[in-house]
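Worksheet: the structure to be examined is printed underneath.
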Amino acid sequence: MELNRLTIKQARAGLDSGKFTSVDLTTACLKRIKERNTEINAFITVCEKSALAEAEAADVLIKNKKIKPLTGIPFSVKDAICTAGVRSTGAAKILDNYIPPFNATVIKKIREQGGVLLGKNNCDTFGHGASNENSMYGPVPNPHDTTKVAGGSSGGSAAAVADNMCIYAIAEDTGGSIRYPASFCGIVGLRPSYGRNSRYGIMPMASSLDTVGPMTKTVEDMAIVMQEIAGQDVLDATTVPDVVPNYEKELSKIDLGKLTVGVPKEYFSVDALDPEVKSATLTAIEKLKQAGATIKEVSLPMTKYAIAVYYIVVPCEDSSNLGRLDGVRYGVRADEKSLYDLYAKSREAGFPEEVKRRILIGTYALSAGYYDAYYKKAQKVRTLIIRDFEKVFQEVDVLITPTSPFPAFALGEKSFDPMAMYLADVFMAPASLAGVPGLSVPYGKTKSGLPIGVQIIGPRLSEGLVMGVGEAIEKN
Ligand code: GLN
């Protein structure tokens, strides 16, 4: 097998037994990137030279038995996450020349153990989108069918993992950006609980929803990466002090006979739900039942408000977070004499349409007179959505839903219709607003060969359980 196809688990075994080196593994990934990136456009920046140097350094660590779980394993990172010394654009032209002097905490943790950074993945600009078509560096075609989108916003990361250009990736999920493209590309993606992983160094989108998580080829790999990146961080006051459990142990602990799986009826009655996606999800649930799990239909009545709430709260927080990008302190500056023109021209050229749209909507919804009617009201309904989940998790251990109502759609199909794109998030927004973890695992394909993803949602900080159920589904 080509080395770039390996999982983390397999790569670890090969590296530690001396079957191959990190330089071999990294070279295989770089070769694949070279062959495929022109078509797939999964990378905005490729770090060929530094990756090989990092691999050499990792080989020394391995030789000296200074081995940590991710030592010498090549990975890639969503471009909205800061990487010291490596250009980080957020897929926005306003940051086209931005080289952060620091690593995001999750990246620091990986690089400190000798993880090899291959490069930076394309995404919808600052994470705004569900198809990766809102990137100022071009769309990412789906490796399974290049006429279709890879999903977004972390489309480059999903495509890079699915197309074996890297061994795993680190991305960001505010309202589905890890889970959604994971389902379109047939890989595993975890949005952790809000507060589980540090967001220090992540370009902020909506601070009350942003999370960082891995995208991997298997659930087992997911547990390995989560183990290394989770935990409290003094640089992110929203991280929680709760001890990080041993996730691999939690996976093996799972007892389906004691598990109650909730099937939220609202997720199976949306008009847009594709019959093949529905039937695959129901089959996954049926298989869990056959393995001993108790299945229970439940209701999350506030689900129908989630998109409306999400698309008020997120633009409001966006509009305030993106204020820092004015062409003065970071990135590309328009050549203008007056300060006003400098701001206006830098932003005009540096932001794509969707980012401008969100800043406008957010600024409007936060303005005097509208604040109560929009933002405050949305926050109140958000509380009701949180209560929906709290209530349902008194009855069941986890929920199973489709990740997306439909498989990957065609490039260009929704890109001119923002509302259609927003509605794609229908199964993503509720868990995001509630701050609970969601995992997407691949479960079969459509007749036309497109991957289908199933989502497992659990209570706050139940990543171990969610991954355990995910692995049971994966093994089916
Ligand atoms: N589709 C969501 C949005 O456009 C995805 C956001 C995210 O998770 N970064 O807001």
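Odds and ends about this structure:
- Scanning the stretch 87-107 for residues that are in contact (Cβ under 8 Å) with a residue 60 or more places away in the chain and closer than 25 Å to residue 27 by Cβ turns up 88, 103, 107.
- Residue check, residue 192 free of Cβ contacts under 8 Å to residues at least 60 places away in the same chain and within 14 Å of the chain's Cα centre (by Cα): no
- Selection from the stretch 1-49 of residues that are in contact with a strand residue (DSSP E or B) (Cβ under 9 Å, 6 or more places away or on another chain) and part of a loop (DSSP other than H, G, I, E, B): 7, 41, 42, 47
- For residue 363, the conditions (1) within 16 Å of the ligand (Cβ to nearest atom); (2) closer than 30 Å to residue 138 by Cβ all hold with the exception of (1).
- Those helices (runs of 4 or more DSSP H) of the stretch 135-231 in which 3 or more residues are surrounded by 24 or more Cβ atoms within 10 Å (Cβ to Cβ), modelled with pLDDT of 95 or more and within 11 Å of the ligand (Cβ to nearest atom) occupy 179-185.
- Residue 375 surrounded by fewer than 22 Cβ atoms within 10 Å (Cβ to Cβ) and in contact with a Phe, Trp or Tyr (Cβ under 7 Å, 6 or more places away or on another chain): no
- For the residues 109, 65, 120, the requirement of being surrounded by fewer than 24 Cβ atoms within 10 Å (Cβ to Cβ) and outside any helix (DSSP H, G or I) singles out 65.
- Here the stretch 306-347 is the region considered, the condition is being assigned to a loop (DSSP other than H, G, I, E, B) and in contact (Cβ under 8 Å) with a residue 60 or more places away in the chain, and the residue that is surrounded by the most Cβ atoms within 10 Å (Cβ to Cβ) is 325.
- Residue in the stretch 200-223 that is farther than 24 Å from residue 7 by Cα and charged (D, E, K, R) present: yes
- Residues (of a type in the set (Gly, Ala, Ser) and touching a Pro at 6+ places or on another chain (Cβ under 9 Å)) located in the stretch 336-394: 362, 365
- Hey, residue 385 more than 26 Å from residue 99 (Cα to Cα), without any contact (Cβ under 8 Å) to a residue 60 or more places away in the chain and more than 21 Å from the chain's Cα centre (by Cα) or not: no
- Here 396, 355, 392 are screened, and the one residue that is more than 16 Å from the ligand (Cβ to nearest atom) and touching a Ser or Thr at 6+ places or on another chain (Cβ under 6 Å) is 396.
- Residues that are polar (S, T, N, Q) and under 24 Å from residue 368 (Cβ atoms) within the stretch 292-331 comprise 319, 320, 321, listed in sequence order.
- Matching residues, the stretch 410-434, being under 16 Å from residue 208 (Cβ atoms) and hydroxyl-bearing (Ser, Thr, Tyr): 432
- Residue check: residue 239 meets all listed conditions (1) outside any loop (DSSP other than H, G, I, E, B); (2) away from the ligand (no atom under 16 Å from the Cβ); (3) buried (at least 19 other Cβ atoms within 10 Å of the Cβ) but one, namely (1).
- Residue match in the stretch 265-283 (condition: closer than 21 Å to residue 464 by Cβ, of a type outside the set (Ser, Thr, Tyr) and more than 23 Å from the chain's Cα centre (by Cα)): no
The values are calculated or read from the model by the stated rules, or taken from the named source; none is laboratory data. If you're wondering where the values come from, they're calculated on a predicted model, not measured in any experiment. Backbone-built Cβ (ideal geometry, glycine too); neighbour counts: all protein chains shown.
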